[in-house]
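Structure first, commentary second.
The values are calculated or read from the model by the stated rules, or taken from the named source; none is laboratory data. For clarity, every value in this text was computed on a predicted model and none was experimentally measured. A quick note on method: Cβ atoms are made from the backbone with ideal geometry, for glycine too, and the neighbour counts reach across all protein chains shown.
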Amino acid sequence: MPRAEQKRLSRNVIEFGQPMTGSPAEARRGTRRQMPRRRRLLDRHGWYEPRPEGAWTTTRQAEAWNLATNRRRTRTDGVLAGLNTISQEAEIVDAFASYGAETSGINIVVIGDIGRGKSSWIKTVCVLRQLVAGRQVVVLDKKPQAGVGEYTSIATSLGAQSIRFRTGGTGARLNLLDPAISTGGDHTGGLEGVVPAGQEALVLAVLTDAMGRRLDEREKAAVGAGLAKVTVAARGTGRDPVIRDLAMQLLDPDPADGADFGPRWSTRALEWGLEPGLALLRLADRDLRGLVDAPTSPAVRDALDTHPLVHFDVSALPTDGPALRVVMTAANTWLANRLAARSSRYQQTILVVEEGWHVAAGSTGEIFRANLKLSRGLALSTVSAFHHPADQPAGSPARSLMAEASIVVLFGQSRADDALDTVRLYRLPEGTEDTLMRLGRGQALVKIGSRDPFLLTHIRSPYEIALTDTDAAITGVASPHTQEVTSS
Ligand SMILES: Nc1ncnc2c1ncn2[C@@H]1O[C@H](COP(=O)(O)OP(=O)(O)O)[C@@H](O)[C@H]1O
Ligand SMILES: [Mg+2]
């Protein structure tokens, strides 16, 4: 055989993948070597058995074993939320850690039927574990459980004070005109462009809800001028202004007070505050008495500095009437102002508002949503929870609150209209409604920014189980761990 022909043949042998067995001469000839004969004696001594110890190999050969591997998460920072139901990998759900790479916002919405584990998830992933991660958590606790707010056991267990609001003046107070809330929401030394609602916007929103109509320009002018006057007057006497001062200023202004509006209107301007003044007086005397009409209680004033968990227990406030909404919006505005004023000292803060529609509605809801838009500037992540989204009409404030979240945690829903509505709201793949309706307790579909949604199984430690058990009141049997926590 000519030499060139031999070369071509040997190359083909290799290229066509035939094993190069036997001697080089055999390979060159392109013939296959015979299988070696199995010898009986060697067989008896186990010569042909697989070797128990490993044999050296290369990564190139090992590729064949790599049949179906999952793409692993690269994120390692943030708070663990449970296991990926499909891959059993640990999943992190953390608004602050996801920001930038996965989301462009830090607000979280949790949706699901009652009893599916929403509160347990929030209490662990957004409260307890976040505190461990060094973040501050403020809870507006609406749901009563055994006569107090349902976060009381967590606050007690962590040694945080529960700040209870009650109508009638026996509870805590958060002054609507608290000096920590600046008149216009701006703060010297604060972040540029981060201006939460101020006292004026807050009072106008409360008045709009109370009067059942928008204030006209004359009324707004009277309220603005009156607010400036009572603030100066109170500061002169070393105390904080309250809404009763403003009501009396509007109802009974000094004859010289109209001068701000020019000689043509100075007399008539004294009348412009009549209706807002009457409405404020009514609120101070009745619906809001003892809640937002007196100087802020020291417990509230110092709350952010005394404990990383701030528990505002508003569970005793009536849901009909303005009290609950006003207190929640005032607390939210107070918090946003406090955070805006300390721009040089960053502290990631989480605000938990379950039963989100209480803060969504009305003019106070507009304030709440406007404050929500400043979340990134304030490093304030708001976590709100809802059930039965289909009951919220299209275009309703609760719906805009739901739609604005960057992280969505969807627990089980038994009603088909709720599930379908949720799928539409978050543009989930068709058919996801069936998944939502089949989710068990503690299971959720999680969507973080534009990432593909994944199924999450929430995992709680025994300590967390004890603190998040809400069945005790119904079953009459405390969780086996509850006793350990309460008795220790
Ligand atoms: N991951 C879970 N596994 C098992 N039970 C859970 C889980 N999460 C919550 N639960 C239980 O379900 C009950 C209702 O949970 P809860 O968080 O109060 O629901 P929701 O806030 O949705 O009404 C609680 O008693 C809680 O202990
Ligand atoms: Mg709940």
Flagged in segment 405-432 as over 27 Å from THR468 (Cα atoms), in contact with a helix residue (DSSP H, G or I) (Cβ under 7 Å, 6 or more places away or on another chain) and surrounded by 15 or more Cβ atoms within 10 Å (Cβ to Cβ), in numbering order, are LEU420, ASP421, VAL423, LEU425, THR432
Out of everything in segment 414-436 that is within 13 Å of ALA390 (Cβ to Cβ) and aliphatic (A, V, I, L, M), what residue ends up being farthest from the chain's Cα centre (by Cα)? ALA416
Would you pick out the residues in segment 133-145 that are within 14 Å of ligand 2 (Cβ to nearest atom) and touching a helix residue (DSSP H, G or I) at 6+ places or on another chain (Cβ under 9 Å)? VAL139, LEU140, ASP141, LYS142, LYS143, GLN145
For segment 263-315: of the residues being among the hydroxyl-bearing types (Ser, Thr, Tyr), modelled with pLDDT of 90 or more and part of a loop (DSSP other than H, G, I, E, B), which is farthest from PRO241 (Cα to Cα)? SER315
Residue count, segment 185-201 (criterion: of a type outside the set (Ser, Thr, Tyr), within 23 Å of ALA225 (Cβ to Cβ) and surrounded by fewer than 14 Cβ atoms within 10 Å (Cβ to Cβ)): 0
So, in segment 146-157, exactly how many residues are assigned to a strand (DSSP E or B) and within 12 Å of ligand 2 (Cβ to nearest atom)? 1
Out of curiosity, is LEU445 hydrophobic (A, V, I, L, M, F, W, C) and assigned to a helix (DSSP H, G or I)? no
Residue check, LEU309 against (1) touching an Asp or Glu at 6+ places or on another chain (Cβ under 9 Å); (2) surrounded by 18 or more Cβ atoms within 10 Å (Cβ to Cβ), all met but one. Which one? (1)
Kindly indicate the residue of segment 371-396 that is part of a helix (DSSP H, G or I), of a type outside the set (A, V, I, L, M) and surrounded by fewer than 20 Cβ atoms within 10 Å (Cβ to Cβ) and also farthest from ligand 1 (Cβ to nearest atom) among those meeting that condition. GLY377
Which residues, counting only those in segment 139-185, are acidic (Asp, Glu) and under 25 Å from the mean Cα position of the chain (by Cα)? ASP141, GLU150
Does segment 412-431 contain at least one residue that is touching a Phe, Trp or Tyr at 6+ places or on another chain (Cβ under 8 Å) and at pLDDT 95 or above? no
Kindly indicate whether any position in segment 321-337 is part of a helix (DSSP H, G or I), aromatic (Phe, Trp, Tyr) and crowded, with 23+ Cβ neighbours inside 10 Å. yes
Being near ligand 1 (Cβ under 9 Å from one of its atoms), modelled with pLDDT under 95, more than 24 Å from GLN88 (Cβ to Cβ) and polar (S, T, N, Q) narrows THR468, THR486, THR475, THR482 down to just THR475
For segment 348-367, name all the residues that are assigned to a strand (DSSP E or B), touching a Leu at 6+ places or on another chain (Cβ under 6 Å) and within 16 Å of ligand 2 (Cβ to nearest atom). VAL353
For residues that are closer than 21 Å to SER98 by Cβ, within 8 Å of ligand 1 (Cβ to nearest atom) and among the charged types (D, E, K, R), tally how many sit in segment 109-151. 2
Pick from segment 437-468 the residues that are within 16 Å of ligand 2 (Cβ to nearest atom) and either under 18 Å from the mean Cα position of the chain (by Cα) or of a type in the set (D, E, K, R) (or both): which of them is surrounded by the most Cβ atoms within 10 Å (Cβ to Cβ)? ALA444
Residue count for segment 111-132, restricted to those that are over 15 Å from the mean Cα position of the chain (by Cα), more than 14 Å from ligand 2 (Cβ to nearest atom) and either surrounded by 23 or more Cβ atoms within 10 Å (Cβ to Cβ) or outside any helix (DSSP H, G or I) (or both): 0
